Each structure stands twice: as C-alpha cells, then as structure tokens.
Amino acid sequence: MQDKQYLMIPGPTPVPPAVTAAMSKPIIGHRGDEFARLHKRIVEKLQRVFQTRNDIFVVTHSGTGALETAIANTVSPGDKVLSLITGNFGERFANIARAYGAELIAVEFGWGNDVDLGVVEEKLKEHPDIKVVLATQNETSTGVVNDIAGIGALVAGTPALLLVDGVSGVGAIEIKVDEWNVDMLCVASQKALMLPPGLAMVTASEKAWEIINKNQSPRFYFSMPAYKKSYEKLNTAYTPGVSLFYGLEAALDMMLAEGMPNVFARHALLTRATRAAIKEIGLKLLAEDRCASNALTAVWSPEGIGADEIRKVAKNHYGVAFAGGQGILKGKAMRIAHMGFCDKTDILVAVGALEMALARVGYPVQLGAGVRAAQEVFLGRS
C-alpha cells in the first residue's frame, strides 16, 4: 500500500522539490562573504514581495517569535495598545502585548468577522495616547482577511505604530508595506513562503525605529537594535538557519518567476473554487465572501457530526490532512489550506477526499458535486 499524503493545512505547508534541493546544499559559514551575499539577495527579493524599502530582518525562530520581536521592541510597561481581534491569532498577538505589560484595549469583532474600520477610528479618537495598534492580515483560525490598507490609513494619522501579523497571509495575499503605512510586518517561513518552519521576517519603518530605540522592555535574542548592528554588515546577530536561507531564496525565486500578480491571482482562483465546492456540498462557510481569505477556507462541520471525525476519516482513508478548529471552534470547524505550493489538482483531490469522508460519516453528500463545482470555476464557467 502506498502512503501518499496531501497536506492541506495552513502550516507547515508542502515544500517544493526545488526548495528541498536548495536546502541540501553544503553548509557555509554564516560569518563569511558567501553568506553575506546570500543574505543581501534574499533581502532584496523579500522587499519586492513585501513591497517595501524598509530593512527586512530574517531571523531564526517561529512566527510567534516574530510577533514577540515586534512587541518586545515597541511596547514598554504601561503603554496603551489597541488590539484588533478577529480570532485565535489576534488573541495571541494581544496576549504577547499583555505579557510585556501593555495597557491593553482589546476589541473583539467576533470569530468569522473582519475588523470594522469605523470602530478602529472611534478607538483611536477615544484614546489619542495609543502607542501601538495590533492587526492580523490573515486570521488563520477563521479564514478571514482584514483590510490592512484601511487600518493603516487610520493609524498613519496618529502617533501610533501599526504592527501587522502577516505570518500566514504574506505570499498568498498582497501586502504593500510602504503604501499601506505598515510600521512593522511579521512573516514566517512555513506558510505561503513554502519553506519548513524555522525562519521569520520582521520589517520596521522609520517611525517604528524612533520607538524601538527608546523602548524600555528588556530584550536580548529579540533585540532589533542588535539585529540592526549586524545587518549593516549583511550579517545576523545570532546563528541563522543557513539551510533555510538557501531554501528561502529558492522559494522567492519561484514566486518572482511566476510573477507576484500571478501568485495572488492563483490563490484567488483556488479560493473561489474551494468555496464554490463547499457551497455545492451543502456545508456552511465561516467567512463571508467579502472578507474571505485567499490562503485558506474555514468550514463549519454539519450538524451532529464532529469536524474532527471528518478530518480523521479524510486522513486515515484518503491521505488528505485538513486542519481542525482552534479555540472556540475546536471540534466544530475545519480548515482547508490553499496557500503556497498548491494548484488546481490539489483542490480537486482535497474536495474529492472531503466528499468521500462526509459519505463515510453519514452526511448525505452527492458525490462529485463539489468536485464539479470546483472544475467549473477552473474552466471559467462559474
């Protein structure tokens, strides 16, 4: 029996063979000229993807480490922080700020909803001394994408900094760091950037550096002034994941060769096909079309059938892994990722496996209905 697996979860995501091959190259010293040249090339390519002229620090830790880096360098105890929460990862960003002693103004928009810009404007006026605003570009727990451009326009008119969790969105969903007034962007390797876990990227605007250099929170491994000092020599403050750097360049080369507009269009197409399939099957989507993420689709399980039961059947019988619900959605929803190294056939396989899993657990699915709906989208007929 073959053991072929399809990873349709929002991280870690499948790694392209070209990236795996690049990571197998012999290790080099991270204090030498060869690594400095590699580092320089990677930063220049990331600047094109992130659409920024800001320095980009590639650090060896997780996406959560990137979020903590942003908080540790901008939040001093007692600072007012406005946290815009639309799901589990918005809550995580808020909890990091709380751990650093922030006076937190947490606004819950509800799981499955996006950020209401009117509320953001109201809170900024009500609290003119807000120092930092936390926003999530792509809320992985609910499949919701937030209007970072809109939030950025509001925050730019205040002294506050906008810190954005782009961990699971960047690479699948367009981000314009400079144009949208994003002061710090946090990204990770194992999502739409098509690498294994282990690298994170953090940007900082000039406005952010004014705060970073004065910040009172203790920091060592997460110290951006330390990153900056080494960065000026095209080095890293601490030992980097050298093999992951090789893989990151290979992944960026793939994305830039495809063309970023085409990358975003591919993700949008996969989203339309997945959502059309889910609707045709008769399941309910968490996010409305207007705020649906192009990185993943979150789906309510049918009444009376646990989401984890469906996921278990799909994995054990058909080798397709879907992600479970998080937080208040645990056992009630599942998430189908379509980010990074993913294309049309992957969606057809995933939808077909979902239909068969639903049939096995007793849901009255019409086999092939969802697959056909996705095919119609891919053929341009729907």
(request) Sort out for me the Cα centre separation of segment 87-157 from segment 220-279, rounded to whole Å. (result) 23 Å
(request) Set the Förster distance to 25 Å, then compute FRET efficiency between Glu206 and Arg37 from the Cβ-Cβ distance, nearest 0.05. (result) 0.40
(message) Within segment 148-162, list the residues whose amide N lies under 17 Å from a label point set 7 Å along Cα→Cβ of Glu288.
(response) 148
(message) Suppose each label sits 7 Å from its Cα in the direction of the beta carbon; what would the Phe264-Thr345 distance come out to in nanometres?
(response) 2.8 nm
(message) Can you order the peptides 21-27, 142-148, 307-313 by their average number of other Cβ atoms within 10 Å per residue, highest first?
(response) 142-148, 307-313, 21-27
(message) Run the numbers for Ala156 and Glu44: contour at 0.36 nm per residue of separation, minus the present Cα-Cα distance, in nm.
(response) 37.8 nm
(request) Please report the base-10 log of the normalised intensity I(q)/I(0) for the chain, using a Debye sum with one equal scatterer per alpha carbon and no solvent, at each q in 0.06, 0.11, 0.14 (1/Å). (result) -0.23, -0.77, -1.18
(request) Provide the packing ranking of 72-85, 261-274, i.e. peptides ordered by the mean count of other C-beta atoms within 10 Å per residue, highest first. (result) 72-85, 261-274
(request) Quote the FRET efficiency, to the nearest 0.05, computed for Asn95 versus Leu117 with a Förster distance R0 of 22 Å and r equal to the Cβ-Cβ distance. (result) 0.40
(message) List residues of segment 46-80, by number, whose backbone nitrogen lies under 14 Å from a label position 7 Å along Cα→C-beta of Glu103.
(response) 76-80
(request) Could you calculate the contour length gain from Lys125 to Leu256, that is, 0.36 nm times the residue separation minus the distance between their Cα atoms, to one decimal place in nm? (result) 43.1 nm
(request) Assuming R0 = 35 Å, can you tell me the calculated FRET efficiency for the pair Arg360 and Ile328, based on Cβ-Cβ distance, to the nearest 0.05? (result) 0.85
(request) Answer with one residue from Asn146, His127, Met201: the one whose Cα lies farthest towards the positive end of the charge dipole of segment 125-211, charges on Cβ with Lys, Arg +1 and Asp, Glu -1. (result) Met201
(request) May I ask you to order 245-256, 168-179 by the average number of other C-beta atoms within 10 Å around their residues, highest value first? (result) 168-179, 245-256
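Any read-out appearing in this document is the output of simple, stated calculations on the displayed coordinates, not a laboratory observation. Everything numeric in this text was worked out from a predicted model, so none of it was measured. All Cβ positions, glycine included, derive from the backbone under ideal geometry; neighbour counts span all protein chains shown.
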